[in-house]
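Here the structure is laid out as structure tokens; the discussion comes afterwards.
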Amino acid sequence: MAAIHNVFGPRANVTMKSDFGLIGLAVMGQNLVLNVESHGFQVSVFNRTTAVTDEFVARHPGKKLVGAATLEAFVESLATPRKIQIMVKAGAPVDAVIEQLIPLLSPGDIVIDGGNSLYTDTERRDAYLTSKGLRFIGAGVSGGEEGARKGPSIMPGGPLSTWEVMKPIFEAISAKVDGEPCVIHIGPGGAGHYVKMIHNGIEYGDMQLICEAYSLFKAAGFTTQEMAAIFNQWNEGELQSYLIQITGKALEQVDAETGKPIVELILDKAGQKGTGQWTLLNAAENAVVISTINAAVEARVLSSQKKQRVAASKELKGPKVDLSPVKAQLVAKVHDALYASKVISYAQGLDLMKTMGEKKGWGLDLGRIAAIWRGGCIIRARFLNRITDAYRSNPQLTNLMLDPFFKELLNRTQQNWRETVALAVTNGIPVPAFSASLGYYDSYRSERLSANLLQAQRDFFGAHTYERIDKPEGTMFHTEWPEVIG
Ligand code: NBP
């Protein structure tokens, strides 16, 4: 028989089957295992590199962990129907693990992919595993290392009947807010991973907006400690959120070697793993505007072009930065710009989820989705309660901006928001997400846009026709435009 390492003693519990199995003991996998185990479940673990399994099990003596050196031993150690969560690097590794598992499993066993998989991959895997008589759940798990250990927000997609089997474990290990678990059945197929993708897109937006606030404060001459105090104070108010909280803490952190704020020593090149770009592609495919998230993804791209930026900084001119006349009012102005832009970012993300949910027939409940983001995940924030309330009072809400609470918020903050964007533009400070959000807001609230001229242009060069404001809707017209030579 293949090796099974059991912390209870040589053979004491080998016959006792585990409630749950997890494959992939990197940072997320290890922490999820400890979380599941801490709720009274016995967990079997497997990692491609066996030394990692050995080391992990050895580091946690006395816990109900069963470490397996082979997949065969791992599968054999689980109670049926088996519940196996894969937490390996997204992409080809997930398919590789599934291929290895299939011959070892029995009909009705459940495979859960808890990584950041592309929802279309999840749909493909769902169909494949179903054709093999197996059950599949594609679950987005948010909250990073800490969330995985203490309670993540979980977004599972798949058949309702499979969710019912997994519900006790998922509800036990998820974060809780006001006694409610931060996990619901999102919908069938790829719905869970899709919603996790949107969550990540919104996370990109939130992070970029905070960084733009920081760049304005920095340009105005606030010290890093003063900025930390601003974010700490904001975390006590309407903007209270995990990302504001960690921003304050990050700004406070001093480098042991130099005594300088660590943030000021970190190279300004942002990384990304792809979920933001997936969100952009999906928005483009569905003709939904997510300009704030778009700006956030593109800001990371431009940041990564450090060498080009350094060269351009010596060639391309900007204005002289002088925010001193407004420094005293800047905190209040930027606060409102951040809050309003954040609302726009969520409005856009929710619009995309609504559009895709309807197209795919997923039956997404946007209010309940916002509710499970209140705890455990990176975008957890006080104002998510307001989104839940908005969709509870009007499940058909066309756009979050039109909910009474958010409408009042935007009406109240828009002047400071405009002034912040104007100050940034006048001083040459890039605020692509603040300004993209404002552009969306102003476009959305415009009764008449400049698309009349655009339609004229289209009809001019391509005879694409147009409608008229003084004729019935749907009646198309074409003008014989003058010929243009040269
Ligand atoms: P990684 O994404 O860094 O993946 C490392 C794990 O994948 C290791 O256990 C590794 O085994 C295993 N693996 C690889 Br790589 N290729 C494999 C293959 N062909 N067959 C079997 N195993 C393979 O781990 P992570 O950061 O814990 O993330 C796990 C998943 O959770 C990812 O999808 C990630 O996007 C998602 N996620 C991560 C976070 C986070 O904060 N890190 C948050 C939310 C979601 P080895 O030890 O043998 O190399």
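The values are calculated or read from the model by the stated rules, or taken from the named source; none is laboratory data. This structure is a prediction, so every number in the text was calculated from the model and none was measured. So basically every Cβ, Gly included, is an ideal-geometry build from the backbone, and we count neighbours across all protein chains shown.
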All-but-one check, Ala172 against (1) away from the ligand (no atom under 14 Å from the Cβ); (2) among the aliphatic types (A, V, I, L, M); (3) touching a strand residue (DSSP E or B) at 6+ places or on another chain (Cβ under 7 Å), failing number (3)
Cβ pairs under 6 Å, 6+ apart or interchain, first in segment 353-367 and closer than 17 Å to Pro159 by Cβ, second of a type in the set (A, V, I, L, M) and in a helix (DSSP H, G or I), ordered by first then second residue, are Trp362/Ala191; Leu364/Met353
| request: Tell me, please, whether a residue that is within 16 Å of the ligand (Cβ to nearest atom), outside the structural domain of Met356 (by TED's automatic domain parsing), basic (Lys, Arg) and free of Cβ contacts under 8 Å to residues at least 60 places away in the same chain can be found in segment 125-142. | output: yes
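Can you tell me which residue among Phe434, Phe405, Phe460 is over 39 Å from the mean Cα position of the chain (by Cα), part of a helix (DSSP H, G or I) and either loosely packed, with under 12 Cβ neighbours inside 10 Å or not small (Gly, Ala, Ser) (or both)? Can you show your working first?
Numbers: Phe434 fails: over 39 Å from the mean Cα position of the chain (by Cα); Phe405 fails: over 39 Å from the mean Cα position of the chain (by Cα).
Of Phe434, Phe405, Phe460, the one residue that is over 39 Å from the mean Cα position of the chain (by Cα), part of a helix (DSSP H, G or I) and either loosely packed, with under 12 Cβ neighbours inside 10 Å or not small (Gly, Ala, Ser) (or both) is Phe460.
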_Ile369 - would you say it is in the same structural domain as Thr292 (by TED's automatic domain parsing), in contact with a helix residue (DSSP H, G or I) (Cβ under 7 Å, 6 or more places away or on another chain), assigned to a helix (DSSP H, G or I) and more than 20 Å from Phe222 (Cβ to Cβ)?_
yes
Among (1) on the phi < 0 side of the Ramachandran plot; (2) touching a residue at least 60 places away in the same chain (Cβ under 8 Å), Tyr444 falls short only on (2)
Per the list (1) over 30 Å from Ala436 (Cα atoms); (2) touching a residue at least 60 places away in the same chain (Cβ under 8 Å), residue check on Ala191 breaks on (1)
Going through (1) of a type in the set (A, V, I, L, M); (2) closer than 25 Å to Ala73 by Cβ; (3) in contact with a Phe, Trp or Tyr (Cβ under 6 Å, 6 or more places away or on another chain) one by one, Leu105 fails only at (3)
The condition of being modelled with pLDDT of 95 or more and out of contact with any helix residue (DSSP H, G or I) (no Cβ under 8 Å at 6 or more places or on another chain) holds, among Gly361, Gly349, Gly357, only for Gly361
In the set Pro81, Pro103, the lone residue that is without any contact (Cβ under 8 Å) to a residue 12 or more places away in the chain, farther than 17 Å from Glu145 by Cα and either not assigned by TED's automatic domain parsing to the domain that holds Thr162 or not hydrophobic (A, V, I, L, M, F, W, C) (or both) is Pro103
Does segment 97-111 contain at least one residue that is more than 21 Å from Ile169 (Cβ to Cβ) and either within 10 Å of the ligand (Cβ to nearest atom) or within 29 Å of the chain's Cα centre (by Cα) (or both)? yes
